[in-house]
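Encoded as structure tokens, the structure appears first; notes follow it.
The values are calculated or read from the model by the stated rules, or taken from the named source; none is laboratory data. Please read all numbers here as calculations on a predicted model, not as lab measurements. All Cβ positions, even for glycine, are placed from backbone atoms using ideal geometry, and neighbour counts span all protein chains on display.
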Amino acid sequence: MVDKDRIKGSADQAAGKVKEWTGKVTGDKKTETEGKAEQVKGKFENAVGGLKDAVRGK
């Protein structure tokens, strides 16, 4: 079983990409920046989940 942090991290990364793209298309810098931040958060969560999986030997 994959750690829930990895799943949430992947979802946050995907949502952040969509938000960043939407901000670029609409010219909304705030939305674009929020999307980039969400992607970073997702990458961090994914990394934490990967470490947890590694500790469990998966």
Check: Can you name the residue in the range 4-16 that is under 11 Å from the mean Cα position of the chain (by Cα), of a type outside the set (Val, Ile, Thr) and under 10 Å from Asn46 (Cα atoms) and is also surrounded by the fewest Cβ atoms within 10 Å (Cβ to Cβ) among such residues?
Finding: Ala11
Notebook entry, point to check: Does any residue in the range 34-52 that is surrounded by 15 or more Cβ atoms within 10 Å (Cβ to Cβ) and of a type outside the set (D, E, K, R) come within less than 9 Å, Cβ to Cβ, of a residue that is at pLDDT 95 or above and not in a helix (DSSP H, G or I) six or more places away or on a different chain, and which pairs are these?
Noted result: none
Next item on the list: Inspect the range 17-37 for any residue being within 8 Å of the chain's Cα centre (by Cα), of a type outside the set (A, V, I, L, M, F, W, C) and part of a helix (DSSP H, G or I) and give the result as yes or no.
Entry: no
